[in-house]
Amino acid sequence: MSPHKQGQVRLHFDNPPVTETAIGFYFQKIEGWHLLHQGVLWDKFLPKYPELEVLPTILDVAPQQKVLFNLNSPTLRTGFTNKERTQLVQIQDGLLLHNWRKTTESPQYHRYEETREQLREDWSTFRNYLRQRSLEGPVVSRCEVSYFNNLVRNEDWKDFSDLSDIFTVWRGLPQSSSYGTAQMAGFNVFYQLDTGVANIAVQPAIRSSDGKEIIQFTLTCSLSPRNSEDEELFRCLDECHENARRVFVDFTTDKVREIWRQNR
Amino acid sequence: MSTHAANWPLSAASITVRPQATPSDQVRSSQLERVVRSDSAPWLPSLLFHLKLLENSGRNIPGIGDLRIAETTANQVRRLLAYFSEQNLPEPKLAPFSGGGLALILNIGDQELSFAAYPGHSDFVYMQTNEDDELVNDGVITLDQTREISDLITAFLFSLA
């Protein structure tokens, strides 16, 4: 049995492909919550997160034919960030996530344990605010951990035929006159694990900041908690994190992890 | 005052939006960094492929000589292609020219709007011509000037009306 299947793996890379992580909770809409609460709540976060970003709304539902927006209380996703814009708490009616993101000025990866502690503080601030406003506590439906990895062309890969050198599940397409040359390839896989679900999305894209071609490799693990107590929520997050580490190792080849300079 | 106005905002105001069914609805992507999916327009995969050919070999059209472009020029053009695809514009043409330059050309009827990238420059030279091939508008623009690019394209599209 490989080390990671025995729960012994601790991944560390000198040059990790991850550019963004997101951990947090999805919950049922809170009765009485209004967009204006997000503005007032920012005041509580202000010492830690003095900068504001308004982000596109996350529709946490399956694709539907129509979506209803309540004009009396529109749904908005706001991001409160630290001065360096590397740490961010995202709040929308129905979710609270903490993100770490890589920037040119601060490229050093922040490990899960650090991000988790940040989330714990954010979550506590949020719950305290709800109590102060006599709003009900959140009923959490899902705990989630996501890793967004950018694989840059000419750095991590050259051609789409290289996908089989990166992902263990990708066997590649045989060269033939009917297939020709692959212009592009991507895939989206969901795994039901012993505990929770893992989603791996591999999608070619253009990075708007510099025009580079990337393969965006997103790994998300989620789990439904048994209750909404903090102990249970953070236990589920740890489980998601452990699942993500195992799936990452199972899903990527030794060869590409050498490129990212995995320390053993 | 009408009854409806008197009740505002107690009346449940809502709008219905029918989102375009796209594969992106089903795939997670970065929550913060702006990326444009390589299949966000039907013409984009093919243009990206030909752009790569120009970078690697300088040949995207059989029989035409070496018109190789630098990676920085290609990146610049990819950013503009990403912008075009987000704006649901029709397929532009790739037009390499000697000296390592590359133009993106939008054609509607006999009218043309082109954006030319020159090696070592981070801006585009744009040029709009009418059906008689006469110059209508030209200048230099950077990709940070998104409003101006949008105005140029809007003016181009409405000049046909």
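Numbers for the structure displayed
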quantity	calculated
Criterion: farther than 29 Å from residue B:77 by Cα, of a type in the set (A, V, I, L, M), at pLDDT 90 or above and out of contact with any Pro (no Cβ under 8 Å at 6 or more places or on another chain) - qualifying residue of A:200, A:166, A:206	A:200
Some residue of segment A:34-47 being over 20 Å from the mean Cα position of the chain (by Cα), among the basic types (Lys, Arg) and at pLDDT 80 or above	yes
Candidate set from segment A:186-195 (those that are at the interface with chain B (Cβ under 10 Å from one of its Cβ atoms) and not polar (S, T, N, Q)); member that is surrounded by the most Cβ atoms within 10 Å (Cβ to Cβ)	A:186
Complete set of residues in segment A:76-108 that are within 11 Å of chain B (Cβ to nearest Cβ), part of a loop (DSSP other than H, G, I, E, B) and not charged (D, E, K, R)	A:86, A:103
Strands (runs of 3 or more DSSP E) completely within segment A:182-260 that count 2 or more residues being without any contact (Cβ under 8 Å) to a residue 60 or more places away in the chain	A:187-192, A:197-207
Residue count, segment B:125-148 (criterion: outside any loop (DSSP other than H, G, I, E, B), acidic (Asp, Glu) and closer than 14 Å to residue B:114 by Cα)	1
Out of B:10, B:32, sole residue that is at pLDDT below 80, more than 7 Å from chain A (Cβ to nearest Cβ) and assigned to a loop (DSSP other than H, G, I, E, B)	B:10
Any hit, segment B:70-84, residues being away from chain A (no Cβ under 14 Å) and at pLDDT below 95	no
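The values are calculated or read from the model by the stated rules, or taken from the named source; none is laboratory data. Everything quoted here is computed from the prediction, not taken from an experiment. Please note: Cβ atoms are built from the backbone with ideal geometry, for glycine as well, and neighbour counts cover all protein chains shown.
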